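What follows is a single structure, written as structure tokens, with notes after it.
The values are calculated or read from the model by the stated rules, or taken from the named source; none is laboratory data. Everything numeric here is computed off the predicted structure, so don't read it as measured data. Don't worry about glycine lacking a Cβ; one is built from the backbone with ideal geometry, like all the others, and counts go over all protein chains shown.
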Amino acid sequence: MTLSSREETIVITSHLISLYSEMIEEGKISQNQSVIDFLMKNIPPEFKSELSIDLIDDVFTFIASRPMELS
């Protein structure tokens, strides 16, 4: 099964949101940098056309609504 471009963008967005949170907690990036700015600076160029505020919001809402479970 191959992921669509949109699905790949969702995966990358999810990863970058997680990375952003981790880097904020560790003090590696400024508290003034928004998650949107971080995403726009770090998403690979070939996925920028799929990225939208709605997609970011959907991914962020999905992540935030799920309890973190360690296996």
Flagged in the stretch 16-48 as without any contact (Cβ under 8 Å) to a residue 12 or more places away in the chain, of a type outside the set (D, E, K, R) and loosely packed, with under 13 Cβ neighbours inside 10 Å, in numbering order, are GLY27, SER30, GLN31, ASN32, SER34, PRO45
* Asked: surrounded by 14 or more Cβ atoms within 10 Å (Cβ to Cβ), of a type in the set (A, V, I, L, M, F, W, C) and at pLDDT below 95, is that true of ILE12?
  -> no
